[in-house]
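Remarks on the structure that follows.
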Amino acid sequence: LLLKCRDINCGLWEAIDDQLLPREVNEEEKERFFTFIRDHPSKVLLVLDGLDELPRGQLSIYTDIIRGRVLPESYIVVTARHEVGVKVRECCHTLLEVEGFTKTDAKEFILRYFKEEHLAEKLLNKLDSDMSLQDLTRNPLNTALLCLLCEDFGGKFPESRTLLYLEIVECVLRRYRRKMKLPETKQDLLVLYKVELKQLGFIAMEGLHNNSMYFDESAFEGFSSDVKSGLGFLSVEAGQSKRRPIRSYGFLHKSFQEFFAALFQCCQLLDDEISVDSLIADCRYFEEFQQVLMFTSGLLAQESEATAKALIAGIATQVNLDENLSYERLCVALDCINECKREGTTFDKEMAQFLGSHLKLQTVDCCG
């Protein structure tokens with residue numbers, strides 16, 4: 001019995017009925033089926049796929065099922081991302097990790113891709129020194145994109161993560177235009193698709209606020225058809241539910257979701273739709289939304305020196321506010337400044353001095 005957790009908003013028996021039984025099944029047949037399951041639990045293998053995608057409030061119900069309080073003696077397999085897996089692993093007898101496209105697979109792919117061995121070595125060296133890029137290669141498509149960029153840049157990558165992702169986005173947009181049989185253009189594709197990318201960024205930000213990488217078609221209401229296609233940045237999967245037979249969408253990688261959320265916030269800051277102070281006051285940007293803040297700094301550095309400086313000044317204020325959090329927040333500030341690199345300039349060094357001029361702290365206790 002395979003149940004997709006993202007389509008569950010009810011108890012176990014209702015979920016089995018909704019996702020697995022035919023639409024035309026009558027009550028007598030349904031009850032006979034359920035009776036068989038209750039009477040012969042050892043003949044049942046229950047697969048709960050994507051436990052981390054359960055709606056809030058349902059996890060405790062399904063944790064009891066995993067503990068064997070509903071179908072004792074049945075076999076249960078649960079798949080989940082790490083953070084939710086940690087919460088239920090004490091209920092399980094065996095722990096397995098889905099390796100998927102491994103580091104070894106990525107290395108073999110890269111070595112096969114390049115005819116020139118020195119380019120493969122340059123990319124592999126880059127991956128060894130950058131854990132975030134290494135994580136990106138868990139997806140074969142992302143690995144192919146990195147190979148394309150390495151080829152385009154002759155093995156010399158952009159200096160910051162933000163600049164790298166800007167190049168990846170342009171690469172995916174070019175691929176999207178070829179797929180849609182649209183003519184070649186010399187126009188900057190990030191400018192050409194600015195509205196659509198901002199709309200995608202709004203969806204990305206909403207997902208992060210809801211702690212989800214997935215969303216349904218209702219998220220596209222009022223948006224253009226290009227956004228509904230995902231522009232090449234979304235994967236699509238059909239839903240299992242009879243009551244809500246909807247497709248589910250998700251970003252190719254969480255870092256893409258964070259980048260687009262940052263792009264949305266960058267647009268909001270530049271258009272005066274939100275203020276730096278209101279953004280920085282949200283402590284999540286120094287915790288789970290750190291990557292969004294870093295990308296936001298990097299994007300602002302490319303668009304507006306004044307707004308980028310205002311953001312760094314705002315971050316400095318937060319560093320000054322609480323001595324207990326000063327070290328962690330200073331680390332975030334330095335990561336943000338590292339994203340302010342611009343080719344052929346010393347803007348990131350200027351920003352470091354600018355941060356220093358706004359700090360009131362004389363010392364910070366740096367551990368580790």
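With the charge dipole of the range 216-368 set up from +1 on Lys and Arg Cβ and -1 on Asp and Glu Cβ about the Cα centre, the Cα lying farthest toward the positive end among the listed residues Leu359, Ser304, Leu263 is that of Leu263.
Give me the angle, in degrees from 0 to 90, between the Cα long axis of helix 117-129 and the longest principal axis of the Cα atoms of the chain, rounded to the nearest 10. Helix 117-129 sits roughly 80 degrees off the main axis of the chain.
Below 8 Å between Cα atoms, with a sequence gap of 6+, how large is the relative contact order for the chain in percent? Don't skip to the end; give the middle numbers.
Working: 430 pairs, mean separation 42.5, N = 368.
Once normalised by length, the contact order is 12 percent.
Size of the range 124-268: Rg and Dmax of its alpha carbons, in Å, are 15.8, 52. The distance separating the Cα centre of the range 302-365 from that of the range 216-236 comes to 35 Å.
Taking the DSSP beta bridges in the chain as the whole, what percent of them are antiparallel, to the nearest 5?
So the antiparallel bridges in the chain amount to around 50 percent.
Relative contact order for the range 1-128: 24 percent, from Cα pairs under 8 Å spaced at least 6 residues apart, divided by residue count. Each of Phe109, Thr143, Thr79 was placed along the dipole of the range 79-177 (beta-carbon charges, centred on the mean Cα), and the one lying farthest toward the positive end is Thr79. Relative to the longest principal axis of the Cα atoms of the chain, the long axis of helix 254-270 makes an angle of roughly 50 degrees.
For the chain, report the % of Cα-Cα distances exceeding 26 Å. Of all Cα-Cα pairs in the chain, 61 percent lie more than 26 Å apart. Compared with the dominant Cα axis of the chain, that is its longest principal axis, helix 161-179 is turned about 60°.
Within the range 194-285, the trypsin sites (Lys or Arg not before Pro) that combine a DSSP coil assignment with at most 13 other C-beta atoms in a 10 angstrom radius are Arg243.
Can you tell me the dipole magnitude for the chain around its Cα centre, using point charges on the Cβ only (Lys, Arg +1; Asp, Glu -1), in Debye to the nearest 20?
780
So which trypsin sites (Lys or Arg not before Pro) in the range 56-148 are both in a DSSP loop and have at most 11 other Cβ atoms within 10 Å of their Cβ? Before the final figure, lay out the partial values.
Values: sites: Arg56, Arg67, Arg69, Arg81, Lys87, Arg89, Lys103, Lys107, Arg112, Lys115, Lys122, Lys126, Arg138; in loops: Arg56, Arg67, Arg69, Arg81, Lys115, Arg138.
Loop-located and lightly packed - Arg56, Arg69, Lys115.
Remark: the Ser218-Leu96 segment gains 40.4 nm on full extension, using 0.36 nm per residue and subtracting the alpha carbon distance.
In the range 1-127, taking the dipole from charged Cβ atoms about the Cα centre, the farthest positive-side position among Tyr62, Phe36, His93 is held by His93.
Remark: the Arg67-Glu108 segment gains 10.7 nm on full extension, using 0.36 nm per residue and subtracting the alpha carbon distance.
How big is D, in µm² s⁻¹, for the range 1-91 by Stokes-Einstein at 4 °C and 1.567 mPa s if Rh is the Kirkwood radius over C-alpha pairs? This corresponds to a translational diffusion coefficient of 95 µm²/s. Calculated mean residue ellipticity, 222 nm, the chain: -16500 deg cm²/dmol, from DSSP H runs (n ≥ 4) at -39500 (n - 2.57) each, averaged per residue and rounded to 500. For the range 1-37, applying the loop criterion from DSSP together with a ceiling of 12 other beta carbons within 10 Å to the trypsin sites (Lys or Arg not before Pro) yields Arg23. Placing +1 on the Cβ of every Lys and Arg and -1 on the Cβ of every Asp and Glu, with no other charges, gives the range 5-45 a dipole of roughly 240 debye about its Cα centre.
So what is the relative contact order of the range 183-324, in percent, for Cα pairs below 8 Å that sit 6 or more residues apart?
Working: 147 pairs, mean separation 31.5, N = 142.
About 22 percent, as a whole number.
Treating each Cα of the range 38-89 as one equal point scatterer and applying the Debye formula with no solvent, the log10 of I(q)/I(0) at q = 0.32 Å⁻¹ comes out as -1.31.
Exposed loop sites here are chymotrypsin sites (Phe, Trp or Tyr not before Pro) in DSSP loop states with at most 16 other C-beta atoms within 10 Å. What is the longest stretch of the chain lacking them? Working shown, then result.
On the way: sites that count: Phe101, Phe153, Phe223.
Between exposed loop sites, the widest span is 224-368.
In debye, nearest 20, what is the charge dipole magnitude of the range 135-259 about its Cα centre with +1 on Lys and Arg Cβ and -1 on Asp and Glu Cβ, if you could check?
Details: 18 positive and 16 negative charges, 88 e Å.
So the magnitude is around 420 debye.
We did not get these values from a lab; they are worked out from the coordinates using the rules stated. Predicted model, so just to flag it, every value in this text is computed and none were measured. All Cβ positions, even for glycine, are placed from backbone atoms using ideal geometry, and neighbour counts span all protein chains on display.
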